[in-house]
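Worksheet: one structure, shown below.
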Amino acid sequence: MIAAPLDAGALDTAAPDGAAPDAAAPDGAAPDAAAPDGAAPDAAAAAAASGAGCKLRRGPLSLSLRGPALLWTPDDAARADFRVIFNRDGVAQHVAPALGPLAVPASSGLAAPGSPPREAAADAGAADAGAADAGAAGGEPARASWPACAVASRFVFCMDHGGTIRRTTLWGGEGPPIGAGRRGTGISAIPLPGGHTLLAFLSDRKTSEGAVTQAFAVLDDKPAVPLSEEGSGATFVALSPWKGGALAMYIDARSALTPVHARTVGVTPEGKLELGPDAVLFVGDAGESRMGGALAIGADGPAFALLPASRDMSAFGMAAIRIDQAPRDDMPAVWSLYPNGLSPAPIAATQGVSPIHVARVRPTAREPGSPHALELGQLDAEGRFQPRCLAVEGKSFKHVAIEADRDGSLWIAYTTGAGTFIEQRAVGP
């Protein structure tokens, strides 16, 4: 593959005191907007280049914490007021961003000059109006912990610096440990029918071949059970609600190849986890432990496992692997190529809404050292990526999250070396 320089900064590398964010909205046309693999640039690609496909409504707003952000709404039925949850060493810290009205034309893609970024800390119920401005003092934001927390029903799951995962109510309080994960690795949680919750995480286990990182699942507060098959490792895991149960996807990035696995998960009448057959959906080229992915699921129709990876020695992009009625082995991938390779390559996708929206980070051009861009787009029914806009450019991005509200707006949170930001965008025609 064409090698782009890896992001040398650690996840918690701070920007110099008082430094401006290292990400900015593109000014005018962005270079090299990616078209679907093998396709000529079309109206969607032109919209992506001009930024017309997702006009900025509010933000970007700098938050007082820097780290992976979970977007969460207290009213899932309305889905109109998204908030942020940060992980503070295993404790969820709620933030209600004070996003004011946009003071410049939405088509400009720029935040209003001179408007200080603000946010207000909040509990799960109401914002604390006395909270300090996030950036008014000119200091750098405090560090949140990795990984991001996860929410399922009325519970929030967070991992502390030692890898212990606790399940607490959204309203706070103490929670017993329900999992011992590999410190710093991602977790995923979803609600299941009957008031249950399902947690997935990675943990190291000793085997006859040495220490292996595997995926595990926890139903409510019961003991963890292996999610990945014996003999298979796991470097990333994700869950999504699926046909009255759950769909689990995990990636096993290795030095020679990268299998992508999926299986269904349900609950028996006796209240135990029921795992469907493990399917190797796709086998990609060599990967590395930082390789992530996403599960993308619309309101109806198929699901897609999304994997930013090398297609071959000369091409890198996003593979969309379709999942229909049940996960099956050896599914074809629909590729959307990036101008160059990138590691890590953050990606996120919506679940349960149609169309499926994707937020992904890619280089803006083929040349090594090119800036990175947060690109927004949609998946069609076949898994083809339709670009909408390059929302933000910067030196690097560490994490990205995306949600869609009931009005069709997109809420995006992203973390750079300088801070974590949130913005709201309207998806245009």
Answer residue from region 262-307, given it is in contact with a strand residue (DSSP E or B) (Cβ under 7 Å, 6 or more places away or on another chain) and among the polar types (S, T, N, Q) and is surrounded by the most Cβ atoms within 10 Å (Cβ to Cβ) among those: Thr264
Enumeration of residues in region 60-96 that are within 20 Å of Gly352 (Cα to Cα) and in a strand (DSSP E or B): Leu70, Leu71, Trp72, Arg83, Val84
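Only residues that are surrounded by fewer than 19 Cβ atoms within 10 Å (Cβ to Cβ) and modelled with pLDDT of 95 or more: list them for region 148-167, please. Show your work before the answer.
The first filter runs over region 148-167 and keeps only residues surrounded by fewer than 19 Cβ atoms within 10 Å (Cβ to Cβ), leaving 153-154, 160-162, 164.
Asp160, His161, Gly162, Thr164, listed by residue number.
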Matching option when the condition is closer than 21 Å to Arg290 by Cα, touching a residue at least 60 places away in the same chain (Cβ under 8 Å), out of contact with any helix residue (DSSP H, G or I) (no Cβ under 8 Å at 6 or more places or on another chain) and surrounded by 21 or more Cβ atoms within 10 Å (Cβ to Cβ), among Ala144, Ala189: Ala144
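Yes or no: Ile412 surrounded by 24 or more Cβ atoms within 10 Å (Cβ to Cβ), β-branched (Val, Ile, Thr) and modelled with pLDDT of 95 or more?
Numbers: surrounded by 24 or more Cβ atoms within 10 Å (Cβ to Cβ): yes; β-branched (Val, Ile, Thr): yes; modelled with pLDDT of 95 or more: yes.
Spelling it out, Ile412 is indeed surrounded by 24 or more Cβ atoms within 10 Å (Cβ to Cβ), β-branched (Val, Ile, Thr) and modelled with pLDDT of 95 or more.
Is there a residue being more than 21 Å from the chain's Cα centre (by Cα), of a type in the set (D, E, K, R) and assigned to a strand (DSSP E or B) anywhere in region 317-330?
Kept after step one, since they are more than 21 Å from the chain's Cα centre (by Cα), are these residues of region 317-330: 324-330.
Add one more test, that the residue is of a type in the set (D, E, K, R), and what stays is 324, 328-330.
Within this subset, residues satisfying the condition of being assigned to a strand (DSSP E or B) are none.
The answer is no, given that none of the residues of region 317-330 is more than 21 Å from the chain's Cα centre (by Cα), of a type in the set (D, E, K, R) and assigned to a strand (DSSP E or B).
Being of a type outside the set (A, V, I, L, M) and over 18 Å from Pro344 (Cα atoms) is the filter here; which residues of region 380-401 pass it?
Looking only at region 380-401, we keep the residues that are of a type outside the set (A, V, I, L, M), and these are 380, 382-389, 393-399.
Of everything in region 380-401, those that are of a type outside the set (A, V, I, L, M) and over 18 Å from Pro344 (Cα atoms) turn out to be Asp380, Glu382, Gly383, Arg384, Phe385, Gln386, Pro387, Arg388, Cys389.
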Matching strands (runs of 3 or more DSSP E) fully within region 259-300 where at least 2 residues are free of Cβ contacts under 8 Å to residues at least 60 places away in the same chain and on the phi > 0 side of the Ramachandran plot: none
Leading residue by the ranking (farthest from Leu202 (Cα to Cα)) among those in region 225-239 that are surrounded by 20 or more Cβ atoms within 10 Å (Cβ to Cβ) and touching a residue at least 24 places away in the same chain (Cβ under 8 Å): Leu239
Listing of strands (runs of 3 or more DSSP E) fully contained in region 156-241 that carry 2 or more residues being touching a strand residue (DSSP E or B) at 6+ places or on another chain (Cβ under 7 Å) and of a type in the set (Ser, Thr, Tyr): 164-169, 196-207
Residues (over 16 Å from Ser240 (Cα atoms) and surrounded by fewer than 18 Cβ atoms within 10 Å (Cβ to Cβ)) located in region 195-211: Asp204, Arg205, Lys206, Thr207, Ser208, Glu209, Gly210, Ala211
Top-ranked residue of region 242-258 - restricted to ones that are in a strand (DSSP E or B) and under 20 Å from the mean Cα position of the chain (by Cα), ranked as surrounded by the fewest Cβ atoms within 10 Å (Cβ to Cβ): Trp242
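The values are calculated or read from the model by the stated rules, or taken from the named source; none is laboratory data. These numbers come from a predicted model, not from an experiment. When we count neighbours, we look across all protein chains shown, and the Cβ atoms used for this are built from the backbone with ideal geometry, even at glycine.
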